[in-house]
Amino acid sequence: MSIFDTLMAYERDTQALGQIAGRLGWDQETMMPRGAGPQRGEEMAAIEAVLHARRSSPQVAEWLAAAEVPDAVGAAQLREIKRSYERSVKVPADLARRIARVTSEAQGKWAAARADEDVAAFLPVLEEVVALKREEGQALAAGGDVYDAMIEDYEHGTSAAEIAAIFDTMRPGLVDLRARVLDKPAPQALQGSFPEGAQMKLTRKLAKAFGYDMSHGRVDKAVHPFSSGSGLDVRITTRTSEEDPFNCFYSTIHEVGHAAYEQGISRDYLLTPLGRGVSMGVHESQSRIYENQIGRGAAFTSWLYGEMRDSFGDFGISDADAFYKAVNRVHKGYIRTEADELQYNLHIMLRFDLERALMAGDLEVGDLEAAWNDRFEADFGYGVDKPSNGCLQDVHWSVGLFGYFPTYSLGNVYAGCLNKKMRADLPKLDAELATGNTASATNWLRQNLQQHGGLRSPQETITLAAGTTPSPAPLMQYLEEKFTGLYDL
């Protein structure tokens with residue numbers, strides 16, 4: 001066996017252990033008994049200690065130095081193993097273990113505090129998480145920008161300054177278009193009650209319609225929808241509201257976008273560094289194009305309207321055109337995951353600025369709720385009514401995902417670029433979507449992007465699939481055309 005083959009065998013075991021850790025996280029958010037939190041924290045800490053030791057082992061460095069590259073794919077594998085190794089050796093093993101333990105416990109405390117509308121119950125553990133993540137960021141940055149070092153975990157090759165520049169470009173157009181839209185009468189909303197059982201039945205049909213392979217996945221409920229796993233075991237969750245079935249349906253389509261990416265990666269990369277999505281921004285490009293450009297388009301919603309009529313009977317919407325407007329209704333609201341396409345990125349910009357300040361030490365955890373509420377009122381024009389609609393709404397900070405939030409908007413930018421190219425390549429796509437057939441779109445994404453996994457950098461992945469370097473211009477043009485049409489501006 002060559003040194004390269006020895007290293008890859010070792011890496012496959014490391015990747016398999018990482019999948020086990022991910023399954024523990026999935027269980028914690030879906031099925032774990034409520035009182036098991038402290039023990040689960042110890043379990044997560046133990047497996048993180050094993051993973052950290054493997055990723056930072058001196059043996060890995062020796063293999064990397066001696067391995068002969070067999071081909072371009074092998075070179076990419078070594079590149080990713082080296083990147084992981086160089087980051088891992090900067091973080092002390094005890095720190096990695098403490099982060100795993102505290103974030104596991106913090107997730108449960110966040111869920112309880114959110115249910116009880118009790119920010120004070122969550123802040124002490126969040127303070128621990130922030131302190132540990134600052135320490136980790138400082139170790140990774142080695143004198144550089146701490147937040148940049150954290151972004152590297154989710155969108156390598158991108159800096160906070162680059163993201164801020166993109167946001168500064170987008171913000172004026174988004175604010176102006178929102179003001180024009182909100183000055184118009186709102187479209188009719190859904191009426192009535194939508195039983196959970198019927199929602200879950202239809203949501204599984206939607207998942208299959210978007211190509212989700214249920215023989216290698218499952219749909220469960222969670223407080224915060226998410227996708228978990230890769231390769232042959234990729235699971236998604238959703239949530240239901242009897243007053244708002246769109247919450248369930250579009251959360252599902254969004255998570256299916258993530259899951260389809262993981263399921264679409266070449267099996268040749270299974271349990272290797274290339275066998276997962278290349279970055280969270282690219283991952284979000286898949287979930288957002290599934291959810292928005294495909295799922296909220298006039299063609300697909302005309303099919304969904306019929307499915308909802310079959311499932312729920314009359315819900316106060318008279319035809320498919322009115323339903324399309326209801327799906328894309330711009331309205332006041334607090335929740336990021338329920339926001340319309342037009343306002344979604346403003347939610348991300350708020351979180352980006354706050355977590356950047358937290359990591360820099362410019363904002364203390366004790367002042368977070370007030371800072372959130374002040375910023376929300378300034379950006380959206382009305383005050384937060386309760387913590388679950390404010391700083392307790394997202395799970396991310398409780399589990400230490402600092403640097404993750406901006407990738408949601410990067411995903412929107414990437415999706416805009418991909419949609420423009422996909423539409424040019426598939427001129428008959430809308431006729432197929434109107435029948436509920438997404439195969440041309442999902443196959444195009446699988447062929448042009450998903451199958452390649454982590455083979456290339458995030459920027460190169462999007463550039464090759466979209467035929468152009470990433471830019472917010474296609475997204476802004478898409479939003480302008482869509483919402484001026486919807487609201488007769």
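What to note about this one:
Each row is one residue, and each column tells you yes or no for (1) under 30 Å from residue 452 (Cα atoms); (2) modelled with pLDDT under 95; (3) surrounded by fewer than 14 Cβ atoms within 10 Å (Cβ to Cβ).
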residue: 79; (1), (2), (3): yes, no, no
residue: 85; (1), (2), (3): yes, no, no
residue: 89; (1), (2), (3): yes, no, no
residue: 129; (1), (2), (3): no, no, no
residue: 143; (1), (2), (3): no, yes, yes
residue: 149; (1), (2), (3): yes, no, no
residue: 159; (1), (2), (3): yes, no, no
residue: 174; (1), (2), (3): no, no, no
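- Lone unmet requirement of (1) within 23 Å of residue 76 (Cβ to Cβ); (2) part of a loop (DSSP other than H, G, I, E, B) for residue 418: (2)
- Segments classed as strands (runs of 3 or more DSSP E), wholly inside segment 202-312, with at least 1 members that are under 20 Å from residue 399 (Cβ atoms) and aliphatic (A, V, I, L, M): 233-238
- Filter pass, residue 404 being closer than 29 Å to residue 107 by Cα, within 17 Å of the chain's Cα centre (by Cα), among the aromatic types (Phe, Trp, Tyr) and not in a helix (DSSP H, G or I): yes
- Residues of segment 336-348 classified as within 15 Å of the chain's Cα centre (by Cα) and under 16 Å from residue 390 (Cβ atoms), total: 6
- Segment 1-46, subset out of contact with any strand residue (DSSP E or B) (no Cβ under 8 Å at 6 or more places or on another chain) and outside any helix (DSSP H, G or I), residue surrounded by the most Cβ atoms within 10 Å (Cβ to Cβ): 32
- Meets criteria (in contact (Cβ under 8 Å) with a residue 60 or more places away in the chain and either touching a helix residue (DSSP H, G or I) at 6+ places or on another chain (Cβ under 9 Å) or open to solvent by less than 30 Å² (accessible area, probe 1.4 Å) (or both)) for residue 102: yes
- Residue in segment 451-460 that is least open to solvent (accessible area, probe 1.4 Å), counting only those that are closer than 18 Å to residue 272 by Cα and in a helix (DSSP H, G or I): 458
- Any hit, segment 132-153, residues being among the hydroxyl-bearing types (Ser, Thr, Tyr), out of contact with any His (no Cβ under 9 Å at 6 or more places or on another chain) and closer than 14 Å to residue 401 by Cα: yes
- Restricted to segment 398-450, and to residues there that are over 17 Å from residue 209 (Cβ atoms), in contact (Cβ under 8 Å) with a residue 40 or more places away in the chain and among the charged types (D, E, K, R), the residue that is surrounded by the most Cβ atoms within 10 Å (Cβ to Cβ) is 420.
- Residue pairs whose Cβ atoms lie under 6 Å apart, sitting 6 or more positions apart in sequence or on different chains, and linking a residue in segment 40-67 that is polar (S, T, N, Q) to a partner that is surrounded by fewer than 20 Cβ atoms within 10 Å (Cβ to Cβ), are 56/88; 56/89.
- The residues of segment 365-387 that are in contact (Cβ under 8 Å) with a residue 40 or more places away in the chain and among the acidic types (Asp, Glu), listed by number, are 369, 385.
- Qualifying position, being farther than 16 Å from residue 323 by Cα and out of contact with any helix residue (DSSP H, G or I) (no Cβ under 6 Å at 6 or more places or on another chain), among 288, 276: 276
- Flag for residue 153 being surrounded by 15 or more Cβ atoms within 10 Å (Cβ to Cβ) and part of a loop (DSSP other than H, G, I, E, B): yes
The values are calculated or read from the model by the stated rules, or taken from the named source; none is laboratory data. Being a predicted model, the structure only gives us computed values, none of them experimental. Quick reminder, even Gly has a Cβ in these numbers, built from the backbone with ideal geometry, and neighbours come from all protein chains shown. What goes into the accessible areas is simple: the full protein's heavy atoms, side chains included, and nothing from ligands, DNA or RNA. Shrake-Rupley method; radii C 1.70, N 1.55, O 1.52, S 1.80 Å.
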